[in-house]
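Student: One structure is given below, represented as structure tokens, and several questions about it will come after.
The values are calculated or read from the model by the stated rules, or taken from the named source; none is laboratory data. Just so it is clear, the model here is predicted, and its values are computed rather than measured. Note that we place each Cβ from the backbone using ideal geometry, even for glycine, and neighbour counts take in every protein chain shown. Note: accessible area is taken over every heavy atom of the protein model, side chains too, but ligands, DNA and RNA are not part of it. Shrake-Rupley method; radii C 1.70, N 1.55, O 1.52, S 1.80 Å.
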Amino acid sequence: MIAVIFFEKKDSQIQLKGIFVSKEYRLMVKIKFKKKSKRMMIIALALIIVVGIFLFHMNKKMEEKRRNKEYEVSLVKTLKHSYEGIEKIEIQNPSYSPTPSDAWGADVKLTFSDGNSKEHVLAYDKDANKIKIGVYHNEDEEFQSFMDSRRGTTKSRVRVRYSDGSEEKQ
């Protein structure tokens, strides 16, 4: 995000110009007022700052959606290469934390060709292509045991519903 604010003097008027540029948005604000209206200048500057903050926030949200989609597509590929008979994968509630390391996780529901389905929170390391299932409760151990019994590769296309609501076959 780049913001440029500058003043131009033409005849008896001062122009306040602000340009905000991001990858997705480009906004140029041009406000003219007379020299004596300092209050208008302050209001215009405040407006430009508010618009800049809004655009920065929107840019962050779009970046987060892009990152989640990237992780989700990679997770689906890893699941297909790790377990056999997957028919459908639904991903919900993704979360990401950059500290202490890049940690990404989501609620994942897997439906298999024999009709069984399981839902669990999975952590995923995209760089290592590793799915992490914490073994802290009986529920985690049951899920791990169920998934271990499905080791293999799913060769057919899988229906996927991503956290943003979009669907595709992969």
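Student: Using 7 Å Cα-to-Cβ label points, what is the Ile43/Glu119 separation (nm, one decimal)?
Tutor: In this crude label model, Ile43 to Glu119 measures out at 5.2 nm.
Student: Just the number, please: percent antiparallel of the DSSP beta bridges in region 49-170, rounded to the nearest 5. Present the calculation step by step, with values, prior to reporting the outcome.
Tutor: Working: 24 of 27 bridges.
The answer is about 90 percent antiparallel.
Student: Between Phe146 and Lys65, what is the FRET efficiency for a Förster distance of 22 Å, r being their Cβ-Cβ separation, to the nearest 0.05?
Tutor: 0.10
Student: Need the list of aspartates and glutamates near Lys118 for cross-linking: C-alpha distance under 15 angstrom, and skip anything on the same chain fewer than eight residues off.
Tutor: Glu84, Glu87, Glu90, Asp107, Glu139, Asp140, Glu141, Glu142, Asp148
Student: Another question, then. Calculate, for region 56-170, the solvent-accessible area per residue in square angstrom, rolling a 1.4 angstrom probe over the heavy atoms of the protein chains. Kindly include the intermediate steps, with their values, before the conclusion.
Tutor: Details: 7030 Å² over 115 residues.
Result: 61 Å² of accessible area for each residue.
Student: Right, next: Measure up Lys61/Lys169; Lys38/Lys65; Lys61/Lys155; Lys38/Lys61; Lys65/Lys169 against 30 Å on the Cα-Cα distance and list the ones that go over. Before the final figure, lay out each step's value.
Tutor: On the way: Lys61/Lys169 26 Å; Lys38/Lys65 41 Å; Lys61/Lys155 34 Å; Lys38/Lys61 35 Å; Lys65/Lys169 20 Å.
From Lys61/Lys169; Lys38/Lys65; Lys61/Lys155; Lys38/Lys61; Lys65/Lys169, over 30 Å: Lys38/Lys65; Lys61/Lys155; Lys38/Lys61.
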